[in-house]
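Reviewing the structure listed below.
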């Protein structure tokens, strides 16, 4: 890593650390949501590594959120203990669904995931144990000793920590042997199988790792919102997760979803002045980005930079 890159990373970390102290509460709330959506987008890109398109992310997001909400509300369990429990439940339920779907190919996986997401949404709303369609009710805030995570600043730092851990784990996985196997599976199933890669096993590992981190994102969302409501985890939220990856750039597994989540989250917020037209304007803007920047925002930047470097040479 060059000195310039290290310096740039240092400046970025410093900016992220001081950001909450010169942002108003409303903008800080939008940034917290952006962090949440970025983690969901990263999980979508994780599955794209093995050629699987996920429209089930909202369902597993809800599993993590409801696990944390129910355990904290009904048993007074610490937020930090609910994190791994929610992740584990998401992994177990995911295995039960995908042990049938993954061996039968991408289309069956897609359909099973979509059905699972819709079924979980109905369970959250219909089963009275989860609070019904009105949600769980207020959940106690997370705490460490006597300190409670109630301020926007503390929740921002918590989200930044979760995002950093997610990025580090994904980066290490991508650079490891399992990451190379994922790349082989994503490039060609037949070629990967011919060199001894167990496609089903590596795909299953990919999806279940994604499920764990999606559930952690759900737990973080409950820490921020202090309530879990079924409509938050409806199927169309999974479609938005795909948009974060596409807008940012599918060729960039780590940075792409973060850039995409910033764009897709902030465009609607700046259009609140025309609320009745906001969905139309947002959808049009995203379609234009996909048409004129098929490789995403980062793909366009890369192309411009390479062109500039060629001209300089």
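Per this entry, residue 166 is counted among residues that are touching a residue at least 24 places away in the same chain (Cβ under 8 Å) and within 30 Å of residue 103 (Cα to Cα). Residue count for region 102-132, restricted to those that are more than 24 Å from the chain's Cα centre (by Cα) and within 18 Å of residue 62 (Cα to Cα): 6. Taking residue 220, is it touching a helix residue (DSSP H, G or I) at 6+ places or on another chain (Cβ under 7 Å), surrounded by 16 or more Cβ atoms within 10 Å (Cβ to Cβ) and in a helix (DSSP H, G or I)? Considered against the rule, which asks whether it is touching a helix residue (DSSP H, G or I) at 6+ places or on another chain (Cβ under 7 Å), surrounded by 16 or more Cβ atoms within 10 Å (Cβ to Cβ) and in a helix (DSSP H, G or I), residue 220 comes out as yes. Out of 126, 146, which single residue is loosely packed, with under 15 Cβ neighbours inside 10 Å, modelled with pLDDT under 95 and either within 25 Å of residue 231 (Cβ to Cβ) or in contact with a strand residue (DSSP E or B) (Cβ under 7 Å, 6 or more places away or on another chain) (or both)? Result: 126 is the single residue among 126, 146 that is loosely packed, with under 15 Cβ neighbours inside 10 Å, modelled with pLDDT under 95 and either within 25 Å of residue 231 (Cβ to Cβ) or in contact with a strand residue (DSSP E or B) (Cβ under 7 Å, 6 or more places away or on another chain) (or both).
Residue-by-condition table, conditions (1) under 19 Å from residue 154 (Cα atoms); (2) surrounded by 24 or more Cβ atoms within 10 Å (Cβ to Cβ):
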residue: 28; (1), (2): yes, no
residue: 32; (1), (2): yes, no
residue: 44; (1), (2): no, yes
residue: 48; (1), (2): no, no
residue: 56; (1), (2): no, yes
residue: 64; (1), (2): no, yes
residue: 68; (1), (2): yes, yes
residue: 75; (1), (2): no, no
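Return a yes/no flag: does region 232-249 have any residue that is crowded, with 16+ Cβ neighbours inside 10 Å and outside any helix (DSSP H, G or I). Within region 232-249 (the criterion being crowded, with 16+ Cβ neighbours inside 10 Å and outside any helix (DSSP H, G or I)), the answer is yes, since at least one residue qualifies. Apart from one condition, residue 168 fits all of (1) surrounded by 13 or more Cβ atoms within 10 Å (Cβ to Cβ); (2) closer than 27 Å to residue 12 by Cβ; (3) under 22 Å from the mean Cα position of the chain (by Cα); the exception is (1).
Of all residues in region 184-197, those satisfying the criterion of being part of a helix (DSSP H, G or I) and exposed (fewer than 13 other Cβ atoms within 10 Å of the Cβ) are 187, 190, 191, 194.
The values are calculated or read from the model by the stated rules, or taken from the named source; none is laboratory data. The structure presented is a predicted model; accordingly, all values stated were derived computationally and were not measured. Glycine gets a Cβ as well: all are built from the backbone with ideal geometry, and neighbour counts include every protein chain shown.
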